[in-house]
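These notes concern the structure reproduced below.
The values are calculated or read from the model by the stated rules, or taken from the named source; none is laboratory data. On a predicted model such as this, the values are computed, not experimentally measured, just so you know. Cβ placement follows ideal geometry from the backbone for every residue including glycine, while neighbour counts extend to all protein chains displayed. For accessibility, only protein heavy atoms count, side chains too; no ligands or nucleic acids. Shrake-Rupley method; radii C 1.70, N 1.55, O 1.52, S 1.80 Å.
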Amino acid sequence: MEFAERYSRQVLFPPIGEEGQLRLAAARLAIVGCGATGSALLSLLSRAGVGYLRVIDRDYVEASNLQRQVLFDESDAAQSLPKAIAAARKIKGVNSQISVEPHAADLTPANVAELLGGVDLVLDGTDNFETRYLMNDYAVSKGLPWVYSAGVASYGVTMTVLPGETACLACVFPDSPRGAVETCDTSGILNSAVNFVASIAATEAMKLLVGARDSVRRTLLSYDVWTNEYAAISTATPRPGCRACDQRDFVHLAGEGRPHITMCGRNSVQIHERERPIDFEEMSRRLTPHGPVRHNEFVLKFWPDPYELTLFPDGRAIIKGTTDTAIARSLYARYVGT
Ligand SMILES: [Zn+2]
């Protein structure tokens, strides 16, 4: 398909035009998290013609994702495909003229430089503040723009961070609002709320990538699609004394306070203590006497009653059916190794 024909309707929009379209084609961006927000961001920006998209996600597709995670279908859920892999496959059929690089991985202080290096912009499709603070510290330390997005229940929140110019995430939320804060696992989520926030964030990305920096929104925007409540708090300047912007104290890059065992959604625990390359064939044979097991190229699933253990090739595991890290750790030790 001709480049000009494919993007003709977008090129007609004067702030983009032919020059903007070429800039999008040359742009490189990373999307961290490919759930509901990440799916919508990837769908919009791949169709818009962003030339290179790196997708990082630690999770696999499940049936409960399909209500809002627009890139996935029933077959992805049946295969428990890693979201990054399933998303890259979908995008191939949408736009074969761009490149999508999937990483089925958890963004950590150890791999953040590798996974977020060499891009023009980072977009937030995650569901947790731990990863967002890591992204914020990396972005602010490198002067790399990023867009924060979150959706819970019927509202979405988003903010564009231009390091050194606007407020960053740590300016606005010096401490994680976690604890008091709702999550989609407790409050549910409307698909329209996430798609709304992703549309705003994708547009901010396009503005930045075509060089329309003056048009970037300099507020923390929150909008409730159900009650129609709207709020916009100015983020026009960094907060004096901000740990990241002002003190240049990037604690999250050092991995301080970051446990190797983390809660990961409702009723599950992620274990990622060190790299442990797993041979799925061999592991399958070993686990077969202990319960149902199946695997494909990307993921191995094992059901030691009443739990469900999902294992990735690098040794990372998500154990479903418990929030008790001691139980998760002992299952991992028993079936995968110590
Ligand atoms: Zn700041």
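What the table shows:
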| read-out | value |
| --- | --- |
| In Hz, Karplus ³J(HN,Hα) per residue of the range 292-300 (6.51, -1.76, 1.60; θ = phi - 60°; x = Gly, Pro) | x, 9, 8, 8, 10, 5, 10, 8, 10 |
| Difference of contour (0.36 nm per residue) and Cα-Cα distance, ALA232 to GLU114 | 39.1 nm |
| Under 5 Å, built H, 5+ apart or other chain: amide partners of ARG217 | none |
| Segment ALA4-SER187, extension gain: residue separation times 0.36 nm, minus the distance between their alpha carbons | 61.5 nm |
| Alpha carbon centroid spacing (whole Å) that separates the range 101-138 from the range 262-338 | 24 Å |
| Heavy-atom accessible area per residue - the chain, 1.4 Å, Å² | 45 Å² |
| Long-range amide H partners of ALA105 with built H, under 5 Å | ASP57, ARG58 |
| Rounded to 10°, Cα long-axis angle of helix 17-26 versus longest principal axis of the chain | 30 degrees |
| Efficiency of FRET between VAL94 and THR322 - r from beta-carbon atoms, R0 35 angstrom, step 0.05 | 0.40 |
| Residue-by-residue Karplus 3J(HN,Hα) for the range 237-248, coefficients 6.51, -1.76, 1.60, Hz, glycine and proline x | 9, x, 7, x, x, 4, 3, 7, 5, 8, 7, 6 |
| DSSP beta bridges in the chain [antiparallel fraction, %, rounded to 5] | 65 percent |
| Extended-chain gain in nm, criterion 0.36 nm per residue less alpha-carbon gap, ASP73 and GLU275 | 69.7 nm |
| Cα long-axis angle, helix 36-47 against the chain (0 to 90 degrees, to the nearest 10) | 50 degrees |
| Cross-link reach list, lysines versus LYS83, counting only Cα pairs under 16 Å and skipping chain neighbours closer than eight places | LYS92, LYS301 |
| The chain - convex hull of alpha carbons, volume per residue in Å³ | 135 Å³ |
| Of all accessible heavy-atom area on the chain, the percent that carbon and sulfur account for (1.4 Å) | 52 percent |
| ³J(HN,Hα), Karplus 6.51/-1.76/1.60, whole Hz, each residue of the range 94-102, x for Gly, Pro | 8, 8, 7, 8, 10, 10, 10, 10, x |
| Rounded to 10°, Cα long-axis angle of helix 129-142 versus longest principal axis of the chain | 50 degrees |
| Under-5 Å amide H pairs with ALA167, H placed in peptide plane, nonlocal only | ALA236, THR237 |
